[in-house]
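Below: one structure, written as C-alpha cells.
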Amino acid sequence: MVYLNGNFIAKNKASIPVMDRGFLFGDGVYEVIPVYQGKIFRLSAHLKRLQKSLDSVKIPNPHIENEWLAIFNQLLTYAETGNQSLYLQITRGVDICRKHSFDVLTPTVYIEANPLIPKTKQMLEQGFSAITQSDIRWSRCDIKATSLLANTLYAQTAKEHQVEEVILHRETIITEGATSNVFMLKNGTLHTHPTGVNILSGITRDLALESAQACDLTIEESSFNINALINADEVWISSSTREIMPITQINGQTVNDGKVGQYWACVYTHYQRLKND
Ligand code: PDD
C-alpha cells in the first residue's frame with residue numbers, strides 16, 4: 001500500500017497525471033525517514049528540513065506535523081513488521097500546460113514505506129569502498145529536491161565500479177557523498193563539510209556529530225580536500241538508510257591500514273543507542 005493525495009491504495013494502482021510538475025520538471029522535494037521498532041526516528045528534524053526545502057522552492061506545506069504523523073502511522077499499519085524507511089515526496093502539483101513558471105497549485109503528496117535492511121555485521125566489519133568524482137550538481141544542494149539527475153548518474157557509476165558510494169568534490173574540496181554526508185578523521189579530530197548550500201544538512205550527520213562528541217572526538221565542521229581524505233585515519237559516510245558506515249578503500253587505495261577504525265566502532269555503537277531512545 002502507498003499513500004497518494006489522501007488515499008491509501010495499492011502501489012500498482014497509484015498514478016499521477018502527465019501534467020504533474022514533478023513528472024515534467026522534477027519540481028518537488030522529498031524526505032527519507034527511518035522507522036525503528038514502529039517508531040518514526042527524528043520525525044521533527046525531518047519535518048523541519050522538509051519545511052525548509054518547501055519554503056526554498058515556494059511550495060506550500062499541505063500538512064501540519066500532527067497530520068503528517070497520522071498519515072505516516074496509518075501507512076505503517078499496512079507495512080510488513082520490521083524496520084522501515086518512509087519515502088515522502090511532494091511536488092508542486094498538476095499544471096494545465098507545460099511552462100517553467102508556476103501558479104499556486106495543489107501539491108501532489110506521495111508516500112511509501114519500504115523495509116529498512118541493515119548491512120550485516122560482517123559487511124560493516126569489512127568496511128566499504130568509494131570512489132571520488134567531481135561534484136557537478138547545482139548550487140542548492142541544501143534543498144532535498146526530487147530533481148536528482150546528477151545523483152542518478154553517480155549511483156550508476158557506483159554500480160559500475162561496484163562501490164558503495166561516490167564521494168564528491170568541488171575543485172579539490174570534499175563536499176559530501178552522492179547520497180550521504182562524509183566524515184574524515186585525522187589525529188583525533190573529525191572533519192566534515194560545514195552546512196550551507198553545497199551539502200544536504202543530513203539528520204544522520206547531526207547524530208554522527210553528537211555520537212562523535214560522546215566518543216571524545218574533537219569536531220571541526222570545516223572543509224577538507226581530496227588529499228586529506230585519501231590520507232585520513234578513518235573515513236565514514238552517513239545517511240538515514242545507511243546509518244554510519246566505514247569507508248576503508250577510496251579509488252582503489254586503502255584508507256589508513258584498510259581496517260575499520262576504532263572511532264567508527266565507538267560512534268556506530270553510540271548511534272545504535274540513540275535509535276532506542
Ligand atoms: N539521502 N547528502 C545527500 C546528497 C543525501 O541524498 C542524503 C540522504 C544525505 C544524508 O541525509 P540524512 O542523514 O538526512 O538521510 C546527505 C537519502 C537517504 C536518499 O536520498 O535516499
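Tell me the residue from Tyr30, Tyr36 that is more than 18 Å from Ser147 (Cα to Cα), open to solvent by less than 80 Å² (accessible area, probe 1.4 Å) and touching a Lys or Arg at 6+ places or on another chain (Cβ under 8 Å), please.
Tyr36
Can you name every residue in region 221-259 that is of a type in the set (A, V, I, L, M, F, W, C) and closer than 21 Å to His161 by Cα?
The answer is Ile226, Leu229, Ile230, Val235, Trp236, Ile237, Met245, Ile247, Ile250, Val255.
Tell me which residues, restricted to region 174-206, are within 15 Å of the ligand (Cβ to nearest atom) and surrounded by fewer than 16 Cβ atoms within 10 Å (Cβ to Cβ).
Those that are within 15 Å of the ligand (Cβ to nearest atom) and surrounded by fewer than 16 Cβ atoms within 10 Å (Cβ to Cβ): Pro194, Thr195, Gly196, Val197, Asp206.
How about region 146-214: which strands (runs of 3 or more DSSP E) wholly inside it have at least 3 residues that are touching a residue at least 40 places away in the same chain (Cβ under 8 Å) and of a type in the set (Val, Ile, Thr)?
Filter on region 146-214 gives 173-177.
Looking at the structure I just gave you, is Gln84 of a type in the set (S, T, N, Q), more than 16 Å from the ligand (Cβ to nearest atom) and more than 13 Å from Pro107 (Cβ to Cβ)?
no
For Ala150, indicate whether it is touching an Asp or Glu at 6+ places or on another chain (Cβ under 9 Å) and more than 24 Å from Leu47 (Cα to Cα).
When the stated conditions are applied, Ala150 passes them.
Is region 8-20 home to any residue that is outside the structural domain of Tyr271 (by TED's automatic domain parsing) and buried (at least 18 other Cβ atoms within 10 Å of the Cβ)?
Yes.
The values are calculated or read from the model by the stated rules, or taken from the named source; none is laboratory data. A quick note: this is a predicted structure, and the numbers were derived from the prediction, not measured. Neighbour counts run over all protein chains shown; Cβ positions are idealised from the backbone, glycine included. Areas reflect the complete protein model, heavy atoms only, side chains present, ligands, DNA and RNA absent. Shrake-Rupley method; radii C 1.70, N 1.55, O 1.52, S 1.80 Å.
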